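Peer 1: If you scroll down you'll find the structure; I have some questions about it.
A short reminder: the numbers here are calculations on the coordinates, not readings from a lab. On a predicted model such as this, the values are computed, not experimentally measured, just so you know. Ideal geometry is used to build each Cβ from the backbone, glycine not excepted, and the neighbour counts take in all protein chains shown.
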Amino acid sequence: MLPPAPSIPTPLHLVEWMRRPYEFFSRCQREVGDYFRLRLPGLGEITVVAAPEGVKEVFSLAPDEGHAGKANAVLKPFLGERSLLLLDGPPHQRHRKLMTPAFHGERMASYGTSMLQTASDVIDGMPLGRVFPAHGPLQELTLRVILRTVFGVASGPRFRELMGLLGESLEIIAWPVMLFPFMQRDLGGWSPWGRFLALSARVDTLLQQEIEEARGPGGAGREDILAMLVQARDEAGNPLSDQELKEELVTLLVAGHETTATALTWALRWVLPDRELCERLREEAEACAPGGALSAERVARSELLDGVTREALRRIPVIPVVGRVMQRPLELGGYELPVGHLVAPSIYLVHHHPALYPEPERFHPDRYRTFRPAAWEFIPFGGGFRRCIGAAFAMYEMKLVLASIFHRLHLQLAPGYAPRSRRRAITITPTQGLPVLLSSRRPAHRPS
């Protein structure tokens, strides 16, 4: 027996999922409990899980018991079928083993200086004395970080072209209706999909050039992620093919750019109205800059910045759910899920479970001083063997960017702005890009 469905008519499930997923999920949970069933066109029936013990069981599934790649099938037109997010079984395990070393914790220090310099450059360009949407500069910042640390491109004509092409491509696919096959029709430059395909073809050419340079003599001594990936070999001694590399680079771009920018935007949404917390963050940033410039090492060790980052990811997750398509029957929470059924732990509902997080609607970064959530209780990056390989990278980047902002800027939410959420493709962002007012900016110091 499958879990009960909410009383809202089935045709409205997709509408509510697309428009206001977190409010919809909360309503369903209040009505029918921690396990409920939805029906979504193209995905069929889905069991949403809010119970932490149920999430633990889902994340404990073996690779041949629950397939995450099949659950992410909606992303195939954008990422390609060789993307880590779309693969299952041995192909997924092979790609993950080849890619994980580039994101190992000890590698983070080598990316810190680049992240701080990029943050400083973008902060210099933020308009002073007028309202602007924070999400825009933060998107530019995280895109620049990806191009520098992952692609190994920091300046020059190719850097500028990639910035423009990737930015335009991501704006097209951020339109939620682009997730539906009826919108994915190539009608040339008159159609969004036609423009996206043309941009993607040019990006493919530029990525091929980057791969060839990384494989050539000029790749020796490089420390970017692409340089590591072209050198990686599986157990049989085989590298990733050029096509596999290109699709994984696009995956890293999409997964590491839009999501991190959105998480940073949400962090500002919760922090800026709290004057006391803003002042604490300014003092913390000052303590992390003993010589005037921020120290990446000190920022990484900051308990307050870590708490703010975690609480931002908890309070409003960037994506609503993670999924597994069952490859064997599963008994979960007293219900029977058949083969082929999609089970989806709800990040938002787990993060607002009052048994785990007292006063769940409160933004409270100090809660992590005494509370260390288990792996299935804090899941912004998914869990189990499919947990995002870039989790440490994203949290490190968020802490460095937040430290940079509060070290140099005095920001406030735009007067009269009432924050709400809206969907951008698979991510959930603040409405209007979070309008903010920059009242003052300290001069830049070169990071150490």
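Peer 1: Give the calculated FRET efficiency between ALA287 and SER440 to the nearest 0.05, with a Förster radius of 30 Å applied to their Cβ-Cβ distance.
Peer 2: E(calc), rounded to 0.05, equals 0.90.
Peer 1: Excluding SER110 itself, calculate the net charge of residues whose Cβ lies under 10 Å from the Cβ of SER110, where each Lys or Arg counts +1 and each Asp or Glu counts -1. Intermediate results must be reported in sequence, preceding the final value.
Peer 2: Working: positive: ARG107; negative: GLU106, GLU223, ASP224.
The answer is -2.
Peer 1: Sorted by mean Cβ packing within 10 Å, highest first, what order do the peptides 177-188, 156-167 take?
Peer 2: Per-residue mean Cβ counts within 10 Å order the peptides as 156-167, 177-188.
Peer 1: Let me ask something additional. Highest first, please rank the peptides 232-243, 323-334, 122-133 by the mean number of other Cβ atoms sitting within 10 Å of their residues.
Peer 2: 323-334, 122-133, 232-243
Peer 1: At 0.36 nm per residue, minus the direct Cα-Cα distance, what do ASP64 and ARG301 gain on full extension? Give it in nm, one decimal, please. Don't skip to the answer; put the middle values down first.
Peer 2: Details: separation 237, 0.36 × 237 = 85.32 nm, distance 3.79 nm.
Here the segment from ASP64 to ARG301 would lengthen by 81.5 nm.
Peer 1: Once you put a point 7 Å from the Cα of LEU40 and another 7 Å from the Cα of GLU336, both along the Cβ direction, what distance in nm separates them?
Peer 2: So the two model labels end up 2.6 nm from each other.
Peer 1: Under a point spin-label approximation (7 Å from Cα along Cα-to-Cβ), what is the SER110-MET178 distance to one decimal in nm?
Peer 2: Distance between label points: 3.2 nm.
Peer 1: Same structure again: ASP242 to GLU361: extension gain in nm, 0.36 nm per residue of separation minus the Cα-Cα distance?
Peer 2: Details: separation 119, 0.36 × 119 = 42.84 nm, distance 4.60 nm.
In short, 38.2 nm is gained.
Peer 1: Short version: ³J(HN,Hα) in whole Hz for each residue of the stretch 404-413, in order, from phi by Karplus 6.51 cos²θ - 1.76 cosθ + 1.60 (θ = phi - 60°), x for Gly and Pro, what are they?
Peer 2: Result, rounded to whole Hz: 5, 5, 7, 6, 10, 10, 10, 10, 8, 5.
Peer 1: Cα gyration tensor of the stretch 384-448, axes a ≥ b ≥ c as square roots of the eigenvalues: rounded (a/c below 1.5), prolate (a/b > b/c) or oblate?
Peer 2: Numbers: a/c = 3.77, a/b = 1.13, b/c = 3.33.
Oblate shape, in that a/c is at least 1.5 and b/c is the bigger or equal ratio.
Peer 1: So, in Å, what gap is there between the alpha-carbon centers of the stretch 64-114 and the stretch 143-170?
Peer 2: Each part's Cα centre sits 21 Å from the other's.
Peer 1: Follow-up. How high is the FRET efficiency from ALA392 to GLN208, r the C-beta distance, R0 41 Å, rounded to 0.05? Present the calculation step by step, with values, prior to reporting the outcome.
Peer 2: On the way: r = 29 Å, r/R0 = 0.71.
Efficiency computed from Cβ-Cβ geometry: 0.90.
Peer 1: Next question. Would you work out the Kirkwood radius for the stretch 321-448? I mean one over the mean of 1/r across all pairs of different Cα atoms, in Å.
Peer 2: Details: mean 1/r = 0.0540 Å⁻¹.
Over the stretch 321-448, the inverse of the mean reciprocal pair distance is 18.5 Å.
Peer 1: Please get the size of the charge dipole for the stretch 11-441, origin at its Cα centre, with Cβ charges of +1 on Lys and Arg and -1 on Asp and Glu, quoted in debye to the nearest 20.
Peer 2: Dipole about the Cα centre, nearest 20: 660 debye.
Peer 1: May I pose another question? For ARG372 and THR431, calculate 0.36 nm times their separation in residues minus their Cα-Cα distance, and state this gained length in nm to one decimal. It would help to have the intermediate numbers written out before the result.
Peer 2: Numbers: separation 59, 0.36 × 59 = 21.24 nm, distance 3.14 nm.
Computed gain between ARG372 and THR431 is 18.1 nm.
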